[in-house]
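Take a look at the structure below.
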Amino acid sequence: MGIKAGYVRLSRDEDGQSESIEGQKTVIAHYYRNVLHYTGEIVFFVDDNCSGMNFDRPDFQRMRREALNNNLDIVVFKDLSRFGRDSADTQKYWKEFVLKCGVRLIAASQNQDSLDRHTRKTLGLYAWLNEQYVEDISEKILENFRSRQKKGDLIITVPYGYVKRGKSVSVDEFAAETVKRIFSLYLAGYGYKKIASIMNAEGILTPSAYKNRSGALPAWSFQAVKNILTNEFYTGVLLQGKTYKKEIKGRSFRTPPDRVLKFPGHHEAIIDREVFDLVQETLKDRKKRSFRGAKITAPRLFSGKIVCEKCKKTYLFKSRRKGGPGYYICGTRYKYGPEYCKNITIPENRLAGLIREQLREKTDENREVLPELKSRAGRRPHYGKTDMVIARIRKEIEKRENTLKKIYLDRLEARTGFPEYLLEQLISRTSSEIDSLRRQLESATAARDASADRREAPEDLDGKLLRFINRPLARKDVEIFIKEIRIDGGIIDVYWNI
């Protein structure tokens, strides 16, 4: 018999006074005793002060490992929101526990059981409602956060050189001397990387290591130096609201400069305003003088494909100051110097030649791969892809129509337990999505019908393959044929997709 477990989670931000660790344990123990008629040992997994929007929780992951090792039999939690509040991930991990690991999951207070057919049908509905609850709470927290920002309350982590005591900020004299020295070195003509090398050579702790943070960087990098040189906090100015999010799990955007909240004289300055402004002017001037042409937005030939076998970091592409072919360098070596990784750099044209030669050899030695090469090299999009899009849209429409049916059914039987306004939001949102999907379906169908008579006859694939092998490599070729390139000293191993 596997472990009979209980999962408990508490978030200080998301949960009100009704939730507590001991209260949840009591509900779980009561369910085991009175519903499952089990009186043996219950193993509890407890995540205190962990958000339900994130599944990277210590005890949840420990419980997951037990499930993957086939050690769990049943897991009971107070309600589905304890398991998780992110709709997509809640359903993903639910399926993993139930279908892959054979674990029975039970939400005690909602009477949801993975063995029950009704639970399987309404899981998505409950997961979405739990996520909506968090978004509502997050909006209220965000409003409070913005209000405090406008008042000038210090709600950010203070940078290296300062310490925060309660609501006040004071200068850390030891770290402040390092900050002053970095500004002085830059004005003396040293660059980011040279200053970082000096800090590393003298054994000065990085800002994160100095503050004893977990995952602290092992050495100073050019980015750490740049962050200090461009941080206006050192002049005594507090800037708040420099970034914002459009949605709870979305990416951050930069706030326009005229809308950033600025509080001069908020705390003691480490760097004089005149010195700081001079450094910013110097930064701009050096940037102009080191300009090497238009910024390249497209990925380089092997970007993201090369891995250093020594430190497991990705190689970066760098251009040369005086022209000539660019080259790839290990990310660790570029950021911290050769003392931290001694793996080789390699010119792009040399690597491209090696890859092209290996591709020829692979083709000659493995004739059975030719049909696949021909297929990939000669493949062109046609309306068959549109058929796949149409099928996917129809499936999405059906899924949302089923969701609406479940909402109305649960409403009639009073089984949701959620506020009416949330149900109305879900109905409105789902109906709008169905209308939008139907419009997409009409457009996709029309596009498919219009292109049905315009399919081109396939070219001579043998001739096309010959041209492909002999012409210079392109980025799309690398994406098609190469999975990964690993470099260890002079050894270059290519892992193919074919």
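Looking only at residues in region 311-337 that are within 15 Å of residue 219 (Cα to Cα) and touching a residue at least 60 places away in the same chain (Cβ under 8 Å), which one is surrounded by the fewest Cβ atoms within 10 Å (Cβ to Cβ)? Steps first, please.
Step one: filter region 311-337 for residues within 15 Å of residue 219 (Cα to Cα), giving 311, 331-337.
Now restrict to residues that are touching a residue at least 60 places away in the same chain (Cβ under 8 Å): 335-337.
On the way: 335: 21, 336: 22, 337: 17.
So, considering only residues that are within 15 Å of residue 219 (Cα to Cα) and touching a residue at least 60 places away in the same chain (Cβ under 8 Å), the one surrounded by the fewest Cβ atoms within 10 Å (Cβ to Cβ) is 337.
Which is surrounded by 18 or more Cβ atoms within 10 Å (Cβ to Cβ) and within 20 Å of residue 111 (Cα to Cα), of 97, 44, 60?
On the way: 44 fails: surrounded by 18 or more Cβ atoms within 10 Å (Cβ to Cβ); 60 fails: within 20 Å of residue 111 (Cα to Cα).
Residue meeting the stated conditions: 97.
What strands (runs of 3 or more DSSP E) completely inside region 210-275 contain at least 3 residues that are assigned by TED's automatic domain parsing to the domain that holds residue 185, under 27 Å from the mean Cα position of the chain (by Cα) and at pLDDT below 80?
Values: elements: 238-240, 243-245, 252-254, 261-263.
It comes to 243-245, 252-254.
Only one residue in 79, 48 is farther than 22 Å from residue 119 by Cβ, acidic (Asp, Glu) and at pLDDT below 95. Which one?
Values: 79 fails: farther than 22 Å from residue 119 by Cβ.
Sole residue among the options that is farther than 22 Å from residue 119 by Cβ, acidic (Asp, Glu) and at pLDDT below 95: 48.
Check every one of the helices (runs of 4 or more DSSP H) wholly within region 327-409 and list those with 3 or more residues that are at pLDDT 80 or above and not assigned by TED's automatic domain parsing to the domain that holds residue 437.
The helices (runs of 4 or more DSSP H) meeting that bar are 331-336, 348-365.
Which strands (runs of 3 or more DSSP E) does region 1-112 wholly contain that include 2 or more residues that are touching a residue at least 60 places away in the same chain (Cβ under 8 Å)? Step through it out loud before you land on a result.
Values: elements: 3-10, 43-48, 72-77, 104-107.
The strands (runs of 3 or more DSSP E) meeting that bar are 3-10, 72-77.
The values are calculated or read from the model by the stated rules, or taken from the named source; none is laboratory data. Everything numeric here is computed off the predicted structure, so don't read it as measured data. Here the Cβ is made from the backbone with ideal geometry for all residues, glycine too, and neighbour counts use every protein chain on show.
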